[in-house]
Structure formats: structure tokens, C-alpha cells
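Heads up, the thing below is written out as C-alpha cells.
The values are calculated or read from the model by the stated rules, or taken from the named source; none is laboratory data. Please read these numbers as outputs of a predicted model, since none were measured by experiment. So basically every Cβ, Gly included, is an ideal-geometry build from the backbone, and we count neighbours across all protein chains shown. Note: accessible area is taken over every heavy atom of the protein model, side chains too, but ligands, DNA and RNA are not part of it. Shrake-Rupley method; radii C 1.70, N 1.55, O 1.52, S 1.80 Å.
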Amino acid sequence: MLLLKGDLLYKSVQFKELKYVGDPRIAVKIFNDKGCDELVLLDITATNEKRRPNFELIEEIASEAFMPVAYGGGVHTQEDFKQIIRLGVEKVMLCTRAAEDTNFVAEAARVHGSQSVVVCIDVKRNWTGKAQVMTNSGTRAAKRGVTEFAKAVAAAGAGEIVINSIDRDGTFKGYDIPLIRQVASAVDVPVIACGGAGSLEHVVEAIHEGGASAAAAGSIFVFQGPHRAVLITFPDEDRLRSAFLRT
């Protein structure tokens, strides 16, 4: 998962401490060469800045990518959704907009098909350990439970649900397995784990132990070594296969 701020890429730690990692156009070319199977672009400031998606940049990236592309951030209207699909993006990711109005998810799924609609649920645990749904880039708590919200968007027609742990984001400590398992066992659509991957073994855990259908990651593909130097890479098929065979 690549985070856009303006027209540049950043990575965060718990949705804060943004670190510049490069130009998205260059990153896409590298991921093309490395054989990445899907790319997620998320504009992390569009919603809070109350602006529309950067359609020009989205089109440029989608035209460069050899893999399916999902985009999220600043999608306020059905016209925004339609325009992004027209630009060659396969999936549109909704977060704050889905929490504000589940009917928006239903309408998008009706028009474009469930396969085009992804709902990202940003989750943060409070001081008691209870998981809370957060919106607006993790700055506001939504008044609904995680499982309740997941069931609602699945019923509305979301084709996939991304469970993104704010507490684990950028920490390399591994995914929130109990949270993933909680949601995956409650809905009948694919659940994608996100937030915390520090190794391929963590990806395997999210799928085998958490019940996720897949796992998204960012930091492990852009930071290398103990000092987290920026070096965009992606494991080849043999390394991925080996990680799953070790379990």
C-alpha cells in the first residue's frame, strides 16, 4: 500500500511520523519490474482537505502499472467513483465516505459491481483494548463497532474489506491477528489484513492464523536494513512460495 500526500509518496508510523519515500511514478515502474500482483494508492490528505482525487496523477499511475490498481482518498461523490474507474483503476477504496453513508457503498456496487468496491476500515484500540472504527485519516472515532460496520458494508455490496490497524501501522510488529480473525469470521467477503507487516512470516500469519484472504503491506517493501533506508523492492515468487511452505 502506497500513501500519497500531494503527488509524492510517504510512509507513516501509526498514521503519524510521515517519511518521504519517493515519486509514485518511479515506484510503480519498480513494482512493475519486480512483479507486484496488485498496487493500492491511498491519498491520505484528500478527505481532510475536502478536495477531490488527483485524477491526472491517478490516470498517469494507472497507465504505467502492469498490475491491477486500487485507489482511495477524497472520493466524495458517485461521479468521483465513476471517473476513477474510467481512468483504468480496477477498484476504488472507500473509508470515511463508507462510514458516513453505507448507501454510498450500495450505489457504487450496483453501478460498477461489487468487485470494484473496497471498504477500508481503519481501526485503533482505546486504552481498554477495545477496537474502534476511525475516520478522517484516523483523527475521528466513528460511532459504530468494527464487526457491525464490516457486516453492514458487506451486506451493502462491498467486494472486499481491508482491516487496517492504526496501532500496528509502520511498526513492523506484525498484524493484529485477533482483529483480523474477528472480522474475517463475521463476513463472507474477502478480508485483507493491513498494518504492521515486518516480514513475510507476518503475511503468512495473517492468512493462516487470522483467516485473511490476503495481506497488504508497505513499509517492508520500501524500507531496508536497521536504519530503514529507502529502497523500494518486492519479493520474487520463489521467496513468497518459500515463506508459505515453511509454515
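Which of the trypsin sites (Lys or Arg not before Pro) across the stretch 1-104 are loop residues per DSSP, with 10 or fewer other Cβ within 10 Å? Could you put the intermediate results ahead of the total?
Numbers: sites: K5, K11, K16, K19, R25, K29, K34, K50, R51, K82, R86, K91, R97; in loops: K50, R51.
Sites meeting the loop and neighbour criteria: K50.
Relative to the present Cα-Cα distance, how much length would full extension add between D33 and D7 at 0.36 nm per residue of separation? Walk me through the intermediate numbers first.
On the way: separation 26, 0.36 × 26 = 9.36 nm, distance 2.17 nm.
The span from D33 to D7 would gain 7.2 nm if fully extended.
Pairwise Cα distances in the stretch 186-247 exceed 14 Å in 60 percent of cases.
What FRET efficiency, computed as 1/(1 + (r/R0)^6) with R0 = 25 Å and r the Cβ-Cβ distance, is obtained for R228 and T139, rounded to the nearest 0.05? The value I calculate is 0.50. Normalising the average separation of contacting C-alpha pairs (under 8 angstrom, six or more residues apart) by the number of residues puts the relative contact order of the chain at 15 percent. Here M67 and N126 are evaluated by their C-beta separation; at R0 = 45 Å the FRET efficiency comes out at 0.75.
Looking at the stretch 67-128, what % of the alpha carbon pairs are farther apart than 14 Å? All intermediate terms of the calculation are to be shown ahead of the outcome.
On the way: 1003 of 1891 pairs.
Roughly 53 percent, once rounded to a whole number.
For the stretch 1-135, the spherically averaged projection of the C-alpha convex hull amounts to 8.6 nm².
Counting only complete DSSP H runs, which helices of the chain cover 18 Å or more along their long axis at the Cα atoms and score a mean Kyte-Doolittle of -1.0 or above? Helices meeting the span and hydropathy rule in the chain: none at all. Here the convex hull built on the C-alpha positions of the stretch 112-247 has a volume of 138 cubic angstrom per residue. Per residue, the accessible area of the stretch 1-67 comes to 52 Å², computed with a 1.4 Å probe over protein heavy atoms only. Computed log10 I(q)/I(0) for the stretch 61-188 at 0.16 Å⁻¹: -0.79, from the Debye equation with unit scatterers placed on every C-alpha and solvent omitted.
For the stretch 173-221, taking the reciprocal of the average inverse distance between every pair of different Cα atoms yields a Kirkwood hydrodynamic radius of 10.3 Å. Here the Gaussian network model covers the chain, with springs between Cα atoms less than 10 Å apart; of G113, G129, G210, G129 fluctuates the most.
Here the 3J(HN,Hα) profile of the stretch 2-12, calculated from phi with Karplus coefficients 6.51, -1.76 and 1.60 at θ = phi - 60°, is 9, 9, 9, 10, x, 10, 10, 9, 9, 10, 10 Hz, Gly and Pro shown as x. Within the listed set V191, V75, V222, the Gaussian network model of the chain (springs between alpha-carbon atoms below 10 Å) gives the highest mean-square fluctuation for V222. A straight line joining the Cα centroids of the stretch 1-72 and the stretch 197-247 runs 19 Å. Per residue, the solvent-accessible area of the stretch 96-142 (1.4 Å probe, heavy atoms of protein chains only, all protein chains present) comes to 48 Å². Set the Cα radius of gyration of the chain against 2.2 N^0.38 Å, with N its number of residues, and you get 0.94.
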